[in-house]
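As structure tokens, the structure follows; a few thoughts come after it.
Only the coordinates and a few stated rules stand behind these numbers; no lab work does. None of these values were measured; they are calculated from a predicted model. A quick note on method: Cβ atoms are made from the backbone with ideal geometry, for glycine too, and the neighbour counts reach across all protein chains shown.
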Amino acid sequence: MKKSEELKIQAQTEDNDLKALGIYTKILREERFERFKKYKSELIAKGFSLIENEEQGKITIETKTYGTLDYYPKANKILIRKKNKWNKAGLHWIIKNLL
């Protein structure tokens, strides 16, 4: 069972509405992370090196054309270090430009 599914069950049984809202926010973040896991193997197959940093919740992607990228899957943001630019639709950017 995925972590997001466990959190959904927990949120449905919660009596306090504010706690349930907080749990639903966690669910959205976990679903974003689980969605990225599908594309992770494709990135590795294309030859990109991925470095996971669980403390900061980011994944560093080394590319030749864009330089070093920092992707935060739970927030769905990507930092292009070469341009020092943030992109809020991170997974869409990865799919469009790298895959």
- Base-10 log of normalised Debye intensity for the chain (one unit scatterer per alpha-carbon) at q = 0.14, 0.23, 0.25 Å⁻¹: -0.58, -1.16, -1.31
- With respect to the cross-link table entries Lys19/Lys77; Lys2/Lys74; Lys3/Lys88; Lys8/Lys88; Lys3/Lys37, which display a Cα-Cα separation exceeding 18 Å? Lys19/Lys77; Lys3/Lys88; Lys8/Lys88
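I'd like the trypsin sites (Lys or Arg not before Pro) in segment 1-80 restricted to DSSP loop residues with at most 10 other Cβ atoms within 10 Å, sorted by number. Write down the numbers at each step before the final one.
Values: sites: Lys2, Lys3, Lys8, Lys19, Lys26, Arg29, Arg32, Arg35, Lys37, Lys38, Lys40, Lys46, Lys58, Lys64, Lys74, Lys77; in loops: Lys2, Lys46, Lys64, Lys74.
For trypsin sites (Lys or Arg not before Pro) across segment 1-80 that sit outside H, G, I, E and B with at most 10 neighbouring Cβ atoms in 10 Å, the list reads Lys46, Lys64.
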- From the square roots a ≥ b ≥ c of the eigenvalues of the alpha-carbon gyration tensor of segment 27-70, which class results: rounded (a/c under 1.5), prolate (a/b over b/c), or oblate? oblate
- Task: Starting from the amide H of Lys77, placed 1.01 Å from N in the peptide plane, find each other amide H under 5 Å away whose residue is 5 or more places distant or on another chain.
- Result: Tyr72, Gly90
- Item | Label-to-label distance, nm, for residues given as Glu6 and Ser49 (7 Å Cα→Cβ offset) | 3.3
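In whole percent, what relative contact order does segment 21-99 give with Cα contacts below 8 Å and a gap of six or more residues? Display every interim value, and only then the final one.
Values: 105 pairs, mean separation 16.6, N = 79.
It rounds to 21 percent for segment 21-99.
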